[in-house]
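Take a look at the structure set out below.
The values are calculated or read from the model by the stated rules, or taken from the named source; none is laboratory data. Keep in mind that what you see is a predicted model, and the values were worked out from it rather than measured. Every residue, glycine among them, receives a Cβ derived from its backbone with ideal geometry; neighbour counts consider all protein chains shown. These accessible areas exclude ligands, DNA and RNA; they are computed on the full protein's heavy atoms, side chains included. Shrake-Rupley method; radii C 1.70, N 1.55, O 1.52, S 1.80 Å.
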Amino acid sequence: MKIQYIRKLTASYMVLAQCEELQEWEKKMIAHAPKGNIVFAECVQENGEKYLWYNITGKQALDVVLETETLSYDMLCNVLNGIYEAVQQLEGMLLPAQSILLSAESIFVDYRTRQISFCYYPGNPMPLPEAFRTFMEYLLTRLDHSDERAVKAAYDIYGQSSAGGVELKELKSLLLMPYEKDEAKTEPEGLDDTEPEGPKAYATVGQKEQDGKRDASIWKQIFRGESTVQELLAAVWEKIWKTTGTAAGRPVGGAAGRLAGGAAGRPAGEKAGRLTGTAAGRPAGEKAGRVTGKAAASGDKRRMGRWKIGGNMKNMQKEPEAFVFEPEEEEHKSANPTVLLAGISQKPEGILCYEGTGGYSDLVIEKDNYVIGSAAECDGRIPSATVSRRHAKISKKGAVFFIEDLNSSNGTRVGGELLNYKTGMSLQKNEVVMFADEKFRFI
């Protein structure tokens with residue numbers, strides 16, 4: 001199927017040779033078709049041949065969109081739900097669902113609304129199940145493989161389409177529940193990052209006594225050598241928090257290094273200098289600095305079983321001293337340091353100099369695929385009301401720059417010539433380029 005793109009002053013069209021004549025009843029149904037996501041064509045006769053003209057003004061073909069975007073789960077759902085809605089609309093109009101074109105170059109995306117549109121092609125010779133399976137094969141090559149839901153959904157649906165088990169009317173139910181993102185995340189014990197609760201309000205005396213017995217059992221385990229000092233410190237911190245509701249016993253600063261294990265044992269990351277193992281207190285990263293204070297002078301891990309704990313619980317509940325970090329000495333700098341040259345700007349090979357009256361900036365072409373438009377995410381931004389969000393694209397092949405209109409609303413002209421959609425033209429030095437009514441010169 002040969003596709004042509006023709007640009008008029010106020011509209012852009014995809015043109016196909018007519019495959020089959022419409023019946024009179026079909027024409028009436030199409031004439032009264034409700035507004036949906038199907039594009040019906042206007043039949044035009046030229047030189048004895050009949051052509052179908054599809055108005056695609058302001059829309060981008062899906063294959064062009066996927067040149068700069070990966071197929072995420074949300075986009076996959078948008079496309080496949082669009083197919084489902086198109087099939088439902090055609091069946092409601094008593095028109096054959098097989099007549100929708102399922103190819104990336106004939107499916108269009110509205111950049112403002114992200115609505116997906118499908119072209120109705122009467123007499124389409126390809127059976128719908130086969131067209132859908134071929135289309136799914138194409139989508140698999142454009143998947144964002146870091147999106148697990150997208151991968152699972154796409155491969156499951158493709159597998160069913162290959163086995164002949166997918167009814168397009170059921171696409172919506174296939175997409176929704178099995179692949180919804182699981183928001184419930186579990187973390188290993190001792191790595192919870194939530195803040196401890198406030199002072200515990202005991203509902204009964206028995207509940208309070210139960211917590212007291214648990215605290216006492218930890219002490220007995222330590223005296224018998226069955227628990228580590230690390231567990232003791234965690235228990236003390238938890239007890240202080242529950243009793244006072246303050247951070248009295250908490251190490252200073254979240255980045256100062258947290259005790260490992262239990263409610264107090266949330267690691268702060270290597271650069272923050274967390275305590276690893278026992279109360280020996282050495283930070284995990286060299287850049288974190290050295291830990292000073294009583295916890296750092298407690299001896300090595302081999303002596304831990306012989307430690308004796310003096311005093312009573314009241315003494316242990318006193319506020320521990322804050323961890324203080326001393327910076328490492330500055331490393332000796334080389335007399336002849338290496339200089340990174342990547343940040344030194346070089347003269348770009350292509351520039352579009354602004355010659356309009358809007359006061360906009362020149363466009364410096366620093367990429368092989370350079371998108372121009374009014375949207376903030378474009379490589380070259382022209383914040384004019386007449387310029388489309390994604391207006392045109394400049395690509396470089398060898399030493400030659402080519403410009404292509406992205407089916408903009410107001411068109412792109414090169415040397416006075418209006419560009420058709422998906423038709424590239426080489427840029428010559430000193431050539432005038434018009435994006436809508438904004439004038440630039442290529443140098």
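Residues of segment 24-47 that are under 27 Å from Ala392 (Cα atoms) and open to solvent by 80 Å² or more (accessible area, probe 1.4 Å): Glu42 alone.
A quick yes/no check of all residues on (1) over 18 Å from Ser361 (Cβ atoms); (2) in contact with a strand residue (DSSP E or B) (Cβ under 6 Å, 6 or more places away or on another chain):
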| residue | (1), (2) |
| --- | --- |
| Glu377 | no, no |
| Ser384 | no, yes |
| Phe402 | yes, yes |
| Leu406 | yes, yes |
| Asn410 | yes, no |
| Gly424 | yes, yes |
| Val433 | no, yes |
| Arg441 | no, yes |
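Look at (1) open to solvent by 40 Å² or more (accessible area, probe 1.4 Å); (2) assigned to a strand (DSSP E or B) and you find that Cys19 fails only one, number (2). Restricting attention to segment 367-401 and to residues that are in a strand (DSSP E or B) and open to solvent by 30 Å² or more (accessible area, probe 1.4 Å), the residue that is farthest from Gly356 (Cα to Cα) turns out to be Lys397. For the subset of segment 402-432 comprising residues that are of a type in the set (A, V, I, L, M, F, W, C) and more than 25 Å from Asp110 (Cβ to Cβ), which member is most open to solvent (accessible area, probe 1.4 Å)? Applying the filter and picking the extreme gives Phe402. Selection of segment 348-362 for residues being within 17 Å of Thr386 (Cα to Cα) and assigned to a loop (DSSP other than H, G, I, E, B) yields Glu355, Gly356, Thr357, Gly358, Gly359, Tyr360, Ser361. For Gly82, the stated conditions hold: it is at pLDDT 90 or above and small (Gly, Ala, Ser). Taken together, the residues in segment 393-443 that are farther than 20 Å from Cys378 by Cβ and β-branched (Val, Ile, Thr) amount to 4. The criterion of at least 3 residues that are surrounded by fewer than 20 Cβ atoms within 10 Å (Cβ to Cβ) is met, among strands (runs of 3 or more DSSP E) falling completely within segment 48-116, by 49-55.
Go through segment 1-18 and count every residue that is farther than 17 Å from Ser99 by Cα and modelled with pLDDT under 85.
Total satisfying the criteria: 2.
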